[in-house]
Structure formats: C-alpha cells, structure tokens
Amino acid sequence: MTAVAVSPRVRALPLRCRNCGAETDAAPVAICAECLGPLEPRYDAARRLPTREEIASRGPSLWRYREWLPLEGDPPYSPDTGFTPLVEVPRLAPLLGVARVWVKNDAVSHPSLSFKDRVVAAAINAAAAFGLDTVGCASTGNLANAVAAQAARAGLPAWIFIPDNLEYGKVVGTSVYAPNLVRIRGTYDDVNRLCAQVADRFGWGIVNVNLRSYYGEGSKTFAFEIAEQLGWRFPTAVVAPMAGGSLVSKLGKGFREFLSAGLVEGELPRLYGAQASGCAPIVRLVERGDGQLIPEIPDTIARSIAIGSPADGAYAAESIRQSGGWAASVSDAELVRGILLLAETAGIFTETAGGVTLASALELARQGHFRPNDEVVLCITGNGLKTVEALSGSLGEAPVLAPRLRDVADLVARTSPSSR
Amino acid sequence: MSVTLSLPAVLTRLTDGARTIEASGATVGDVVSDVAGRFPQLGPRLRDEQGNPYSFVTFYLNDEDIRFTGGFATVVRDGDELIIVPAIAGG
C-alpha cells in the first residue's frame, strides 16, 4: 500500500458492525473482523445537530447535511456534489393514480450525472482521512464515471474495473478522465469479487469495497434533500431502483434520521424498490419474504443495476417490508417505454435504471399499491445520454427537408394537431 | 482432494497470518470443515452453527460462485482454488 500524509483537515468516524455490534476504530475496512458482517460509521449521539434554518443557510451541496455524514472536520474533495432538483410532474399523477408525483433528478448530478457522485464524495474524503493516495471501484458504469471524475479533480490516481460489455457512453464517460480503466471479461459480480481481492492485495481505497462503510452514507443525502425540498416534510411513498440494494435502505435510514432529529414530523414514507425482470433478486426476495436472497445471472439491458448477487439485498428487502412498501420488476421493453414516458411527461432523459423506476411505479400502481392521496417521489439516478443504445429502434427518424418554407408548411399540415 | 483456500485479510489474524491454506475434502463443505477443525476460531466465521454458509460470505471455487454450483455440496478436484469473499457493495 502507498500512503500519503493523512489530511489534517478531515477525520473519518469509527465503525460498528451491523450484525454483531462489535466496535472498531476508523479504518479503510468494511468488514467486521469478528463476524464478517458489514461495518457502519458510529455517530456521536450527543453531537449538536443543526436547525432547518442553519441547514438552509448553507451551500447547495450534500455537505449541508455534514452532521449526518461520516467525516469530521473539513472534507477537502468534491465540495459541489448534491442538491439536485426535485421536479414535480403533474402529468404522471393520473397515470399512477395518486395526488402528486415528483422526480428527484440525479440525472443532472455534479460532476458525473448520476447519484453515484454522492457516495463517491463521501468515500474519496474518507480516502483523504486515511491518507490513501489511490482510489478505485468495481462498477457497472455510473460509479466508474463518478470515481474517475472526482479522482481527477482531486489529483488522485484511480484504478477502475468494469465488465467488458458496458454501454459506450459509460466507458467514454470514464476514460475521458484518464484513470487506469480495466475491462473484465465477466459480469459485474465477477468484477466485484475481483475488486475485493484487489483491495486486499494493494491496499487502495476501493470506494465500494474497503471504503464501503463511508461510501454508503452518501446515499442518505438523497433522502435529506427530498425532505428539505418538499418543505421539510416526507412524501408518502418513494420508488427507487435497486442494484446492490444500498440506496433503498439508506433512503430509509436518512428519513429516520431526519425524523429523530426533529427536522421533519409525520409518517415515514413507504419504500418501493424497482428492478429489471432479467435481474430481480431483491424483488423476488421481497415477494417471497423469507430473508434468503437467491443470486441470479443478469440478463437485461439495464446494465447499471444488473447485480445478480446484491450485497445489501437482504437489508433492502427488510427496509421495504418494514416501511409498508413493496417491489416490482419490469421487462426490457417496459423499461424503454418508461424512459420515453419520463422524457415526454417530465422533460427528463434518464438511463435504463430510470426507465425501470418509472415502469415499475406503473406496475406497482397496476397492482394497487398506491392510494389516491399518495405523494410519490421517483428516484431518477442516472442520465439517458449514457445509455442511448437502449433506445435504438424506439425513436422515429426526423424528416429531412430542403431549406424551403413550402416544404415546412406541407410537413406542418401533415402533422397531427395534438403534436403541433 | 487437496485445495488451496484464500482468505480475506481481515481473517488472517485467526490463521497466524496465513493468507492461503492447503486443505482437503471431497466437497467445499468438507474443505471448510477441515479448515475449521485446524483453526477453531476461523470455523464460525465461515459457516453458521448448522454448518451452512452465511448470506454475507461468498465462496468461489475456481472463480465460480458456489451458490450456482451446489453450495457446500459442490465437488472439488485436486488443485482447485477456493476463494472466500465477504459481500460487497454495488456500483
């Protein structure tokens, strides 16, 4: 392992095992030495928490919630990530049979256009706290983009491992930042296993492996922002895509933390999870309700969420069921229609995972999971320009005309009145 | 059958610092039992009280996840490599 001087400006919090409760010092280790369970940061319960007004007076980034992030002091990297728009989409409400619908739009997240910017902002500052001079990840694409971009800005070398079949946009959106990018013949689950071995061997800060305890906490800011942007209240239901299963359980944790801090009152939202049918181990776990995740070999175009052996799958299913929510999966054809519907109703172009989220919300509505007075937030976690291949053959060809007004007039006359 | 077992670094304090262990048995479960017998503190980290694998610890035999090949009943051959990896996050 190569280590540089530990940043004097930032410290990482100590850790506690989620399974057995064993406590350890802060370290770039995500696994409990006692039981191999996942470690989570230990926050000082007596720490001073800010008021709504104090939070609102801070800058528009995820660091406005710094008391709930696993770092103390002054994180040196990625100061601008977070605080993406919460956009109301009135035209989706009747389609879901609910009162109101919003999109939490991380398709425009800074800097790499997915919600993975949030988790990397937390992890790369943990790397700084530990003096790690190299970062990396195993990724289905979005995390690769986020690590590469934020490492470039921080001036840190990065080693990034991805499956060899990712969309062109995801690969270019990583390699443009000049990391050490490695394509692995195999699925994401193969890449993930390899990276666990890489982290052990080289001692790098692999954000979703040995820095995972800190990384995951960044996801909570998605929930904090939803509550603040709704005017310090909760929606009644939230629909989120599921890959490794971390986001949905961290959403629940984030909402609970704001409730217990007294920042928001009322009922916690029901959590709903969305997956593609070609890789839906968490949906099937929710449906079975037995607690034993059965891994799958992914077969879907929703590559960003194609994780057949999701590490947090059991926690995600538990969070969903405890919240009173449910989960649904949709076919590749349905997810493409979801992408198009979101674009046409919200003016937001999302990637395949976002298509899964909206299409699954429609499926949940069809199954009767929503109520007429529900206020629903859809978590849109990535940008459609990264996965344009998914729309191949789904969009009509634009007409090509000569530069003559008469030709345009003919075309307008042929176009149906509702489209004009 | 003789198999090489590779452990995550976090467990090596239970094996006197050894990252790899030579072990024997006809199945993955037998191999784990062999190792558990020789390193009593390591055993409970690899399997539960009923002798089943934990959901958050994954075994790979020659890079194949054993959950797809029969779990602890998966047959091993001489020279196989068994890798133990704690569950890790998505991406």
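The values are calculated or read from the model by the stated rules, or taken from the named source; none is laboratory data. As the structure is a prediction and not an experimental result, all values here were calculated from the model. Neighbour counts run over all protein chains shown; Cβ positions are idealised from the backbone, glycine included.
Things worth noting here:
- Contact annotation: no residue pair with Cβ atoms under 6 Å, 6 or more positions apart or on different chains, pairs a residue in the stretch A:112-131 that is over 25 Å from A:VAL172 (Cα atoms) with a partner that is in a helix (DSSP H, G or I) and small (Gly, Ala, Ser).
- Check on A:LEU181, in contact (Cβ under 8 Å) with a residue 24 or more places away in the chain, over 24 Å from A:ARG66 (Cα atoms) and assigned to a strand (DSSP E or B): yes
- Test: residue in the stretch A:294-314 that is at positive phi and either modelled with pLDDT under 95 or out of contact with any strand residue (DSSP E or B) (no Cβ under 9 Å at 6 or more places or on another chain) (or both): no
- Residue check for A:GLY262: free of Cβ contacts under 8 Å to residues at least 60 places away in the same chain and small (Gly, Ala, Ser): yes
- Taken over the stretch B:31-80, the residue count meeting the criterion of being within 12 Å of another protein chain (Cβ to nearest Cβ), under 18 Å from B:LEU11 (Cα atoms) and of a type in the set (A, V, I, L, M, F, W, C) is 5.
- Residues that are under 18 Å from A:LYS250 (Cα atoms), away from chain B (no Cβ under 14 Å) and in contact with a helix residue (DSSP H, G or I) (Cβ under 7 Å, 6 or more places away or on another chain) occur in the stretch A:326-342; there is at least one.
- Residue in the stretch A:364-371 that is hydrophobic (A, V, I, L, M, F, W, C) and without any contact (Cβ under 8 Å) to a residue 60 or more places away in the chain present: no
- Residue satisfying all of: in the stretch A:38-62; under 22 Å from the mean Cα position of the chain (by Cα) and free of Cβ contacts under 8 Å to residues at least 40 places away in the same chain; nearest to A:PRO111 (Cα to Cα) among these: A:SER61
- Among the residues of the stretch A:138-181, those identified as surrounded by fewer than 16 Cβ atoms within 10 Å (Cβ to Cβ) and under 24 Å from A:ASP299 (Cβ atoms) are A:ASP164, A:ASN165, A:TYR168.
- Filtered residues of the stretch A:229-259 (kept if out of contact with any strand residue (DSSP E or B) (no Cβ under 7 Å at 6 or more places or on another chain), part of a helix (DSSP H, G or I) and within 14 Å of another protein chain (Cβ to nearest Cβ)): A:SER246, A:SER249, A:LYS250
- Residue match in the stretch A:277-300 (condition: of a type in the set (Lys, Arg) and farther than 21 Å from B:THR58 by Cβ): no
- Conditions (1) modelled with pLDDT of 90 or more; (2) over 30 Å from A:SER114 (Cβ atoms); number of the one not met by B:TYR60: (2)
Okay, residues lined up against (1) assigned to a loop (DSSP other than H, G, I, E, B); (2) modelled with pLDDT of 95 or more; (3) of a type in the set (Lys, Arg); (4) not assigned by TED's automatic domain parsing to the domain that holds A:ALA93:
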residue: A:SER329; (1), (2), (3), (4): no, yes, no, no
residue: A:GLY338; (1), (2), (3), (4): no, yes, no, no
residue: A:THR345; (1), (2), (3), (4): no, yes, no, no
residue: A:GLY354; (1), (2), (3), (4): no, yes, no, no
residue: A:LEU358; (1), (2), (3), (4): no, yes, no, no
residue: A:ASN373; (1), (2), (3), (4): yes, yes, no, no
residue: A:LYS386; (1), (2), (3), (4): no, yes, yes, no
residue: A:GLU397; (1), (2), (3), (4): yes, no, no, yes
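- Qualifying residues in the stretch A:288-317 (those that are more than 13 Å from A:MET242 (Cβ to Cβ) and more than 10 Å from every other protein chain (Cβ to nearest Cβ)) - the one surrounded by the most Cβ atoms within 10 Å (Cβ to Cβ): A:ARG303
- Residue, farthest from the other protein chains (Cβ to nearest Cβ), within the stretch A:25-75, restricted to residues that are closer than 12 Å to A:SER213 by Cα and not in a loop (DSSP other than H, G, I, E, B): A:LEU71
- Any chance A:LEU95 is in contact (Cβ under 8 Å) with a residue 60 or more places away in the chain, in a helix (DSSP H, G or I), among the aliphatic types (A, V, I, L, M) and touching a helix residue (DSSP H, G or I) at 6+ places or on another chain (Cβ under 6 Å): no
- Taking (1) touching a strand residue (DSSP E or B) at 6+ places or on another chain (Cβ under 6 Å); (2) hydroxyl-bearing (Ser, Thr, Tyr); (3) under 27 Å from A:ILE162 (Cβ atoms) in turn, A:SER323 satisfies each apart from (3).
- Checked against the criterion of being facing another protein chain (nearest Cβ under 9 Å) and in contact (Cβ under 8 Å) with a residue 40 or more places away in the chain, the stretch B:9-30 has at least one qualifying residue.
- Conditions (1) within 27 Å of A:ASN145 (Cα to Cα); (2) among the aromatic types (Phe, Trp, Tyr); (3) over 17 Å from the mean Cα position of the chain (by Cα); number of the one not met by A:TYR315: (3)
- Residue that is nearest to the chain's Cα centre (by Cα), among those in the stretch B:20-57 that are among the charged types (D, E, K, R) and farther than 28 Å from A:LEU293 by Cβ: B:GLU22
- Screening A:ALA93, A:ALA45, A:ALA121, A:ALA99 for residues that are surrounded by fewer than 22 Cβ atoms within 10 Å (Cβ to Cβ), over 25 Å from A:LEU341 (Cα atoms) and not β-branched (Val, Ile, Thr) leaves exactly one candidate, A:ALA45.
- Residue match in the stretch A:29-38 (condition: acidic (Asp, Glu) and touching a strand residue (DSSP E or B) at 6+ places or on another chain (Cβ under 8 Å)): yes
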